[in-house]
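Written out below as structure tokens is the structure these notes cover.
The values are calculated or read from the model by the stated rules, or taken from the named source; none is laboratory data. It should be emphasised that the depicted structure is a prediction, and the values quoted were computed from it without experimental measurement. Every residue, glycine as well, gets a Cβ built from its backbone with ideal geometry; the counts of neighbours run over all protein chains shown.
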Amino acid sequence: MTAQLIPSRRAFPSDDPIFALNAEAQACKAAGASVLNATVGALLDDGGQLVVLATVMDLWRELGALDVAPYAPIAGDPAFLKVLVQRHWPTLASPGAACATPGGSGALGLSLRNFLERGQSVLTTAPFWGPYATLAAENGMGVATAPWPSPGRPLNAEAWHGAIQRLMKAQGRVLVWLNDPCHNPTGRSLSAADRAVLAGLLREAAALGPVTLLLDFAYLDYTREPAAVAAALEDYAALGAEGSVLVGACMSLSKSLTLYGARSGAIAFPWSTDPALQAALTQSCRGTWSNCAKAPQALLLRLAADGKAQAHLAAEHQHWSEVLADRARALDAALAEARLEPVHWQGGFFVTVPSVKPDAACGCLKAEGVFTVPLPEGLRIGLCGMKAADAPRLAQALRRASQSA
Ligand SMILES: Cc1ncc(COP(=O)(O)O)c(C=O)c1O
């Protein structure tokens, strides 16, 4: 034990749990086992190769020295922020109060430091993307949850009302992280009715104290229902324009442009022009990472100026959305064959199958060479990393696990 390490930093697992499971799956494969690795968090083609969008790589190769080498402005290039916000809300003329961040993760972390005090909790859905808890812990904060709806069921308004009101009473303020549409890890989105109920609850709470709704947009380009995604964004825009709830978005180039390693994104509050909010965001950037990488910002600007590249990119997104939809369809058919519940995927890279003993079920699956990520509510399956032909093996293994776990 390194004595210099302060006591509160000495007992962490050596690796992120999802990366550790992925490493275990890869080691088994390297040792010659037949492995179905559904832990992967990046989009792979049916041959197991990382999907890298060709349109994006073509633009990347065009970048010149001055697109890459200089510092970007501390809060990010204003033109980049505008274009990124307009990818989500095309009619907005300004990004509002906004700054560039290293991916969506940077945006999430920065929101904690500006909207909550240490010791307080952010509200999100159960289940949620595991690193939310790590981000909160690193900021001396907790995570409170309210349930994500089960397939075909409405949002549990009573549970959400209770959670929001409890936090407002305890903290005098509420920050909600909402990974909708295309939720990780369920692969489903809120319905229009769910969004209306949630907006009502947030509006009600906003009469008692400051309420921030931060939309975590990681997977919007990969969906079976682009029109439904657009309708959801319109609903959130209407709530933001009302002004009682501060509505913002975490936007990332990781999945949307397959630029995971470029670490680029932004946090934006398009309906706020408050200079104090802008100054707080800029201060956080300077005190956390200074400036973000310039190259991905320059790339997005080149994309925005190139209609042909935009059309190619849209076609690539459509193709990979169809691949994911095929995988989800194959999984639902195989689950039905195994007399298990379908997953009802709508968008994103993941789905979750319910399990009463997820750790035990994960262990049973591993014994068969099938790797999934256990969550408190079930097992997360990366549609992004498996092929449709893997679905029967996965479903049959899930069936056996559900019988023995
Ligand atoms: C729900 C969700 N939010 C945010 C992120 C952040 O990704 P990045 O920091 O690479 O933009 C991810 C990545 O997996 C995610 O799944």
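With respect to V370, determine if the residue is buried (at least 23 other Cβ atoms within 10 Å of the Cβ), touching a residue at least 60 places away in the same chain (Cβ under 8 Å), over 23 Å from the mean Cα position of the chain (by Cα) and in the same structural domain as S34 (by TED's automatic domain parsing).
Values: buried (at least 23 other Cβ atoms within 10 Å of the Cβ): yes; touching a residue at least 60 places away in the same chain (Cβ under 8 Å): yes; over 23 Å from the mean Cα position of the chain (by Cα): yes; in the same structural domain as S34 (by TED's automatic domain parsing): yes.
It is true that V370 is buried (at least 23 other Cβ atoms within 10 Å of the Cβ), touching a residue at least 60 places away in the same chain (Cβ under 8 Å), over 23 Å from the mean Cα position of the chain (by Cα) and in the same structural domain as S34 (by TED's automatic domain parsing).
Count, please, the residues in region 49-74 that happen to be over 22 Å from the mean Cα position of the chain (by Cα) and in a loop (DSSP other than H, G, I, E, B). Can you show your working first?
At the first step, the residues of region 49-74 found to be over 22 Å from the mean Cα position of the chain (by Cα) are 54-55, 57-74.
Cutting the leftovers down to in a loop (DSSP other than H, G, I, E, B) gives us 63-64, 69-74.
Residues meeting the conditions: 8.
For region 117-147, enumerate the residues that are away from the ligand (no atom under 12 Å from the Cβ) and touching a Ser or Thr at 6+ places or on another chain (Cβ under 9 Å). Give the derivation first.
Our first condition is that a residue be away from the ligand (no atom under 12 Å from the Cβ); within region 117-147, this holds for 117-123, 126, 133, 136-147.
Within region 117-147, V122, L123, A126, A136, M141, G142, V143, A144, T145, A146, P147 qualify.
If we scan region 283-304, do we find a residue that is part of a loop (DSSP other than H, G, I, E, B) and farther than 30 Å from A65 by Cα?
no
Scan region 189-200 and tell me whether some residue there is away from the ligand (no atom under 16 Å from the Cβ) and over 21 Å from L155 (Cα atoms). Walk me through how you get there before you give the answer.
Taking region 189-200 and keeping what is away from the ligand (no atom under 16 Å from the Cβ), we get 191-200.
Imposing the further condition that a residue be over 21 Å from L155 (Cα atoms) reduces the set to none.
Among the residues of region 189-200, not one is away from the ligand (no atom under 16 Å from the Cβ) and over 21 Å from L155 (Cα atoms), which makes the answer no.
Kindly provide the set of residues from region 202-228 that are within 14 Å of the ligand (Cβ to nearest atom) and without any contact (Cβ under 8 Å) to a residue 40 or more places away in the chain, ordered by number.
Matches in region 202-228: L215 only.
Looking at region 379-389, is at least one residue farther than 20 Å from L53 by Cβ, within 16 Å of the ligand (Cβ to nearest atom) and under 24 Å from the mean Cα position of the chain (by Cα)?
Yes: one or more hits.
Test of understanding: among G96, G103, which residue is out of contact with any Pro (no Cβ under 7 Å at 6 or more places or on another chain), touching a residue at least 24 places away in the same chain (Cβ under 8 Å) and either at positive phi or not assigned by TED's automatic domain parsing to the domain that holds A238 (or both)? Break it down into steps so the answer makes sense when it comes.
Details: G96 fails: out of contact with any Pro (no Cβ under 7 Å at 6 or more places or on another chain).
Every option except G103 fails the conditions.
With outside the structural domain of L112 (by TED's automatic domain parsing) and part of a loop (DSSP other than H, G, I, E, B) as the only criterion, which of L340, L324 stands out? Break it down into steps so the answer makes sense when it comes.
Numbers: L324 fails: part of a loop (DSSP other than H, G, I, E, B).
Step by step, each of L340, L324 is checked, and only L340 is outside the structural domain of L112 (by TED's automatic domain parsing) and part of a loop (DSSP other than H, G, I, E, B).
S355: crowded, with 17+ Cβ neighbours inside 10 Å, farther than 25 Å from D45 by Cα and in contact with an Asp or Glu (Cβ under 9 Å, 6 or more places away or on another chain), yes or no? Steps first, please.
Details: crowded, with 17+ Cβ neighbours inside 10 Å: yes; farther than 25 Å from D45 by Cα: yes; in contact with an Asp or Glu (Cβ under 9 Å, 6 or more places away or on another chain): yes.
Judged against the criteria, S355 is a match.
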